[in-house]
Amino acid sequence: MISRYMVVACCALVAAANAAAGALAPYRQGDWKAVVASAAGRPLIVHFWGVTCGPCLVELPKWGRFMRERPEARVVFIEMDGTPEKAALRILADAGLGQADNRALISPFDEFTRHEIDPGWPGEMPSTMLVGTDGKVRRISGTADFAALRAWIAAQRAGVRPSR
Amino acid sequence: MSLAIAAAGGGVPVFAQQQHGNHVVGKPGPCAEATLDCANAATPFFTRNGRLWLAWSAGGAVSVASSGDMGRSFGPRIEIARHEGVLDTGSDARPQIVETRDGRLVVAYAFFRDRQWNAQVNVSTSSDAGMTFSVPRSLSRESGSQRFATLGVDPEGRLFAFWIDKRLVAAATKAGRKRPGGAIAVAWSDDDGRSFKEERIVHEDSCECCRIAVALTPAGMPGFMYRAIFDGRVRDHVVQVMDSMERALPARRVADDNWVTDSCPHHGPALSIAHTGTLHAAWFTQGTHRTGSYYARSVDGGLSFSEPLPVGNAENMPGRTSLLAEGGTVWMAWKEFDGRRATVWARRSGDDGHTWSPATELAMTTGYSDHPLLISREGRAWVSWFTRNDGYRLLAAGDRK
């Protein structure tokens, strides 16, 4: 019997294998539901960035640091600019994110893609979606406040509802 | 040196699929060819001889083609350049074609030219009404990074270009300092884009990833609008006017939206200037004072702007408003999305932007689409709109559904 845990673990292994093999797993319009479902009741962070986005590149090493300090955090990184994989992989490796769950958008970054993630997201980059244990999605617009992120994870773990 | 890049023969189809009657249908699903049906963005221009030109990016290439029947069908695709994987096809990037003097066409586009992802704006010129185009060359002599170029032509046929330039950021980085954003640069060409002069920075602190809106004042000088950066933090819009090739007047803030963000909105403004001198401006913001798409006008050359008027139905994320002041009329067009359909809307003002008609839905699509762009021909306003599922269309701005 294949439990949901095994499916999730398997998907995580595949994603990690892709990253280790130097490939970005594809992300397409229509995939958001599965991403949220993969959270399986645990807090999940999804960070959207782009190779051509200056503020994104400045921030990425901070995500690398965050991942080192919080190895238990579940974070998915999705590159949205449709640029060649090599460029994204090099940038991720330099930021210390070479082994992260890295994906790349392979369909257009348009309103259809944005709407299914967050109907109120106009597409500014970077943006980060916080998927809570209750399945609700909250958007951080622009660069992240990592102290607030750490507090959010802690609150999610403690089962405390966010005040806002 | 001129290179004949026009596709052989006159019957090469612009689209990979058949035409359905008079209406050219685009191609749904994944699309990787250079033909128009796979376009990321398609930018229109009416030349003096009445032809509609389109410049578009698709499949890693920049191409142009012209239509004699208002966009229902196009002549052969002419490939201007190919930059596989490194063409700038972001949400606010688009190739552009303009006519300078009779029969002289200029195309501009941007691509990423090195491993550091520095961008470069290239220009290509045709002196034979679009039969052949020159090998594209860099617009700027600077080695830095240039992106989001907008071309304009003054009443004498002199070409100018504004773009986002990162030379100041590069200099700061070299000196060990951090500097956000980019700068607004301008340059002029007396020879239809073959060479540029009077290149200068006209504003040192702008958002680095939003288009620049450009319009001509009644005096025939460029007005331009862009997302600026205030105090290193706030990304609100300003308008500037050049009173000569050498000088830009001080930037004027359009509205105090107070959008404090360290991000790339990829969402630049629109500007159109009426024969009365009234500036018509539209922009997007997520400020603390207001969020969404807005319109405002200035009757004093940008010294002050009217209270911002919301554009469209805020629930449906209206974005990238296009503006056109034509004669005594002002048009605005924008796109909305309700979760299922993308729809293009328009409003009309007969009194220089003071009052507006109710919004009219002009067209819809259920797949990928470019932004709607207002363009005029012989006093009539049209909305140019490329869609993957329903092809390219020129919609009469006054049409009712």
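The values are calculated or read from the model by the stated rules, or taken from the named source; none is laboratory data. Just so it is clear, the structure is predicted and the values come from calculations on it, not from any experiment. No Cβ is skipped: glycine too gets one built from the backbone with ideal geometry, and neighbour counts run over all protein chains shown. Ligands, DNA and RNA are stripped out before the accessible areas are found, and what is left, the full protein with its side chains, is counted by its heavy atoms. Shrake-Rupley method; radii C 1.70, N 1.55, O 1.52, S 1.80 Å.
Here is how the numbers come out for the structure above:
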| read-out | value |
| --- | --- |
| Theoretical FRET efficiency, 1/(1+(r/R0)^6), r = Cβ-Cβ of A:Ala158 and A:Arg68, R0 22 Å, to 0.05 | 0.45 |
| Probe 1.4 Å, accessible area per residue of chain B, Å² | 39 Å² |
| Protein accessible area in the protein assembly as shown, 1.4 Å probe - carbon and sulfur % | 52 percent |
| List A:Asp134, B:Asp154, ordered by accessible area with a 1.4 Å probe, largest first | A:Asp134, B:Asp154 |
| FRET E, pair B:Glu204, B:Val260, Förster distance 30 Å, beta-carbon r, rounded to 0.05 | 0.95 |
| Residues losing 10 Å² or more accessible surface upon assembly, segment B:162-192, compared with the chain by itself, 1.4 Å | B:Lys178 |
| Cα-based shape type of chain B, given that a ≥ b ≥ c are square roots of the gyration tensor eigenvalues and the cut on a/c is 1.5 | rounded |
| Cut-off under 5 Å, modelled amide H: who pairs with B:Gly268 long-range | B:Arg211 |
| Pair B:Thr360, A:Ala148: separation of 7 Å Cα→Cβ label points (nm) | 4.4 nm |
| Threshold 10 Å² - residues in segment A:46-89 whose accessible area is reduced by that much or more when the chain is no longer isolated, probe 1.4 Å | A:Val51, A:Thr52, A:Cys53, A:Gly54, A:Pro55, A:Val58, A:Asp81, A:Thr83, A:Pro84, A:Ala87 |
| Listed residues B:Ile375, B:Gly328, B:Thr343: farthest to the positive end of the dipole of segment B:325-401 (Cβ charges) | B:Thr343 |
| Net charge, A:Trp49 excluded, C-beta distance under 12 Å - Lys, Arg +1, Asp, Glu -1 | -2 |
| With DNA, RNA and ligands ignored, accessible area of B:Glu378 (1.4 Å probe; Å², nearest 10) | 150 Å² |
| Cα gyration tensor category, rounded, prolate or oblate, for segment A:35-91 with a/c compared to 1.5 | oblate |
| Most to least accessible of A:Asp31, B:Asp256, B:Asp88 (protein chains only, probe 1.4 Å) | B:Asp256, A:Asp31, B:Asp88 |
| Buried accessible area, chains A and B (both chains, 1.4 Å probe, Å² to nearest 100) | 2200 Å² |
| Positive-end residue, the protein assembly as shown charge dipole about Cα centroid, Cβ charges, pick of A:Ala40, B:Ala42, B:Phe230 | A:Ala40 |
| Global form of segment B:259-401, assessed from the alpha-carbon gyration tensor, a/c cut-off 1.5 | oblate |
| Cβ-placed point charges (K, R +1; D, E -1), dipole of segment B:172-224 about Cα centre in debye, nearest 20 | 400 debye |
